[in-house]
Amino acid sequence: MREWWIHVGLICIPLVAVYLHIPPPQLSPALQKWHSAGEVFHFRGRNIFYRDSYGALGSSDVVILLHGFPTSSYDWSKIWDPLTQRFHRVIALDFLGFGFSDKPRPHRYSIFEQASVVEALVAHLGLSNQRVNVVSHDYGDTVALELLYRYQSTSSHRTVLFPTGIFPETQYPRLLQTLLKDSSFLAPILTRLTNYVIFQKGIGEVFGPYTQPTDAEFWDMWTGLRYNDGNLVLDSILQYINQRLKHRERWVGALTSTYVPLHMIYGPLDPVNPHPQFIRLYQQLVQRSTITVLDEHISHYPQLEDPTGFLNAYFNFIHSF
């Protein structure tokens, strides 16, 4: 009996080793097209991927799109073309550690650094003196809050939209996120053990039951995560949840005191920012903001679950000025 277990162990060890070093999946044609249409710029020796499309003639308006965790700029693909019909330039980037950008490890990822990445991109594109509209989601919300804090004195030149993920007291991370951000012992193991099935289940939980991604869309999200071994930096990036708690007064304070025109687009099925607790707190603290609550079956990714509803809400907000 003892020899049998030894043989099983000898067989399993190399199999596990191969599994933990499984190569990332190939880019789908859709993801390859997105990648090919982008460019990179250098930030402190790192490559940052971004898309920059020129659109509507006769308009000088620029919009920058800030994606969430754990996905990438590809989150905006369903609304990209309609945005180019409204804005002169539509810009999106992959934050450091995400998508097609570099994913250094070890590295102390922070919201402050990501905000500096956005500033560097704006300067790289010659837009430092241009009014910029910001659309943010999830992780990108906190980056936008840091930018809002930095530019309060010139905030009248910016329009900012926050879909979700603002108040740490109303945010409920997934179990795996909690384990990764708080367990220094388990995190390196869990990042290597995370596979497509686990990823699909976790992402599926933050979409509505009637708005689930297709198999191809799930796979593209997973491919973007695995690109450049992005799964191995999840625990480092997830420290943003702890940073939200630590710097709550800085970021929520900037949100509640700003005179920037704000609009919230909210999916009421969002389990990360549950209804009605989240929206009530937002209405209480951010009284200058307008709000759109989408259909009751929309969850955490409104730009993917209901692109038309999302765009209608955003364009109504933009056209109100």
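The values are calculated or read from the model by the stated rules, or taken from the named source; none is laboratory data. Just so it is clear, the model here is predicted, and its values are computed rather than measured. So basically every Cβ, Gly included, is an ideal-geometry build from the backbone, and we count neighbours across all protein chains shown. Heads up: the accessible areas ignore ligands, DNA and RNA and are worked out on the full protein's heavy atoms, side chains in. Shrake-Rupley method; radii C 1.70, N 1.55, O 1.52, S 1.80 Å.
In the stretch 222-282, which helices (runs of 4 or more DSSP H) lie fully inside it and hold 3 or more residues that are more than 30 Å from TYR196 (Cβ to Cβ)?
248-257
What is the one condition in (1) touching a helix residue (DSSP H, G or I) at 6+ places or on another chain (Cβ under 9 Å); (2) open to solvent by less than 30 Å² (accessible area, probe 1.4 Å); (3) not in a loop (DSSP other than H, G, I, E, B) that ALA30 does not satisfy?
Answer for ALA30: the failing condition is (2).
Suppose we keep only residues that are small (Gly, Ala, Ser) and open to solvent by 10 Å² or more (accessible area, probe 1.4 Å) within the stretch 67-91. Which one would you say is farthest from ASP306 (Cα to Cα)?
Within the stretch 67-91, the match that is farthest from ASP306 (Cα to Cα) is SER72.
Considering only residues that are open to solvent by less than 20 Å² (accessible area, probe 1.4 Å) and free of Cβ contacts under 8 Å to residues at least 40 places away in the same chain, which ones fall in the stretch 204-220?
Within the stretch 204-220, GLY204, PHE218 qualify.
When the residues of the stretch 97-127 are narrowed to those that are over 19 Å from the mean Cα position of the chain (by Cα) and in contact (Cβ under 8 Å) with a residue 40 or more places away in the chain, which ends up nearest to LEU148 (Cα to Cα)? Before the answer, list the steps.
So in the stretch 97-127, the residues over 19 Å from the mean Cα position of the chain (by Cα) come out as 105-106, 123-127.
Going one step further and asking which of them are in contact (Cβ under 8 Å) with a residue 40 or more places away in the chain, we end up with 105-106, 124-125, 127.
Values: ARG105: 28, PRO106: 29, HIS124: 20, LEU125: 20, LEU127: 16 Å.
By that ranking, first place goes to LEU127.
What do you reckon, is PHE278 within 22 Å of the chain's Cα centre (by Cα), open to solvent by less than 30 Å² (accessible area, probe 1.4 Å) and of a type in the set (Phe, Trp, Tyr)?
The answer is yes for PHE278.
Got a number for residues in the stretch 128-147 being open to solvent by 10 Å² or more (accessible area, probe 1.4 Å) and more than 16 Å from the chain's Cα centre (by Cα)?
Here the count works out to 4.
Mind checking which residues of the stretch 221-243 are among the charged types (D, E, K, R) and surrounded by fewer than 22 Cβ atoms within 10 Å (Cβ to Cβ)?
ARG226, ASP229
Do we find that ASP306 is at pLDDT below 90 and buried (at least 22 other Cβ atoms within 10 Å of the Cβ) in this structure?
No, not satisfied.
Can you name every residue in the stretch 38-66 that is of a type outside the set (Lys, Arg), assigned to a strand (DSSP E or B) and open to solvent by 50 Å² or more (accessible area, probe 1.4 Å)?
Listed by number, the residues that qualify are GLU39, VAL40, HIS42, ASN47, TYR54.
Inside the stretch 119-151, can you point out the residues that are part of a strand (DSSP E or B) and more than 14 Å from PHE69 (Cβ to Cβ)?
Filtering the stretch 119-151 for residues part of a strand (DSSP E or B) gives 132-136.
Those that are part of a strand (DSSP E or B) and more than 14 Å from PHE69 (Cβ to Cβ): VAL132, ASN133, VAL134, VAL135.
So, ILE265, is that one closer than 28 Å to LEU83 by Cα, of a type in the set (A, V, I, L, M, F, W, C) and either open to solvent by less than 10 Å² (accessible area, probe 1.4 Å) or free of Cβ contacts under 8 Å to residues at least 40 places away in the same chain (or both) or not?
Values: closer than 28 Å to LEU83 by Cα: yes; of a type in the set (A, V, I, L, M, F, W, C): yes; either open to solvent by less than 10 Å² (accessible area, probe 1.4 Å) or free of Cβ contacts under 8 Å to residues at least 40 places away in the same chain (or both): yes.
Spelling it out, ILE265 is indeed closer than 28 Å to LEU83 by Cα, of a type in the set (A, V, I, L, M, F, W, C) and either open to solvent by less than 10 Å² (accessible area, probe 1.4 Å) or free of Cβ contacts under 8 Å to residues at least 40 places away in the same chain (or both).
Looking at the stretch 92-111, which of its residues are closer than 22 Å to HIS247 by Cα and surrounded by 16 or more Cβ atoms within 10 Å (Cβ to Cβ)?
PHE95, LEU96, GLY97, TYR109, SER110, ILE111
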